[in-house]
Amino acid sequence: MAESDQLFARFGRDCDPGEVLFREGDAGETMYVIQSGAVRITKTVKGEEKTLAILGPGEFFGEMAILNAKPRGATAVVEERARVLVLGARTFEQMVVSNAEIAVRMIKKLARRLDSPNERIEVLMHRDPKARVILGLSREAETIGEPQPDGSVRVPMGSAELAEQVGLSEKETAEVLKRLERLRIVEPAEGGLVVTQVARLEEFYAFLEMREKFGEA
């Protein structure tokens, strides 16, 4: 039996779309690791629910409630049918202490998560809607994207979710995505988007940056 199967046999749980794993303000004694599927992380801001992230396979969440013994800072809802590992504080500590690879992965992911607010500010600072969408999509492809055999990257996020991330209306975001679709850089997919050519997406963003820098219309 593979190690992942052994872990699932001990700590695994199958979750249906729409299932709430925990709510903002709840006490937390467990963390989650996603083996398959996707989970949406949301937070209430000024009475409105905002999407913070959509996490995919290999991502973990809920660990802060274990580390600092504070109430949950966000809500976690299953976006796509998922298999998750549910780990208590003691199990989590034992895994980190006994497995250096897990400890290093945890440190790297926590560091990346700390960078996320700064990256989002960088996105929101752009005046050009096209640059916002392209940079935001590029960031999501890097952090939660699922590499495909043909070299493309599937991002489990639709235009509405991406619009929330980049601070634009869904209409504005959809218009930019349509342009990227015409350029064959992005394709719509069930439950998300597929970046067919990551390098071209980055090149397009670099072009927009240069145009803004030199004040071209």
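Just a few scattered comments:
- The magnitude of the dipole of the stretch 3-98, with charges of +1 and -1 set on the Cβ of Lys/Arg and Asp/Glu and taken from the Cα centre, is near 240 debye.
- Net length gained if the chain between GLU203 and ALA160 were fully extended (0.36 nm per residue, minus Cα distance): 13.1 nm
- About the Cα centre, charge dipole magnitude for the stretch 122-213 (Lys/Arg +1, Asp/Glu -1 at Cβ), debye: 380
- Label zone at GLN148 (point 7 Å along Cα-to-Cβ), backbone N below 20 Å, the stretch 57-86: 57-58, 80-81
- Shape class of the stretch 3-98 from the Cα gyration tensor (axes a ≥ b ≥ c, square roots of the eigenvalues): oblate, since a/c reaches 1.5 or more and a/b does not exceed b/c.
- Residues whose placed amide H lies under 5 Å from that of THR44, excluding near-sequence neighbours: LYS50
- Pairwise Cα distances in the stretch 126-195 exceed 14 Å for 54 percent of all pairs.
- For the stretch 134-140, 3J(HN,Hα) computed residue by residue from phi via the Karplus equation (6.51, -1.76, 1.60; θ = phi - 60°) reads 5, 5, x, 5, 4, 5, 5 Hz, glycine and proline entered as x.
- Percentage relative contact order, the stretch 3-98, counting C-alpha pairs under 8 Å, at least six apart: 43
- Under 5 Å, built H, 5+ apart or other chain: amide partners of VAL194: VAL155, GLU187, ALA189
- Spin-label pair GLU187/GLU19, simplified geometry with 7 Å Cα→Cβ offset, distance in nm: 3.1
- Available extension along the chain between ARG83 and ALA69 is 2.5 nm, counting 0.36 nm per residue and deducting the alpha carbon span.
Each value in this text was obtained by applying a stated rule to the coordinates, not by laboratory testing. What you are looking at is a predicted structure, and each value in this text was computed from that prediction instead of being measured. Ideal geometry is used to build each Cβ from the backbone, glycine not excepted, and the neighbour counts take in all protein chains shown.
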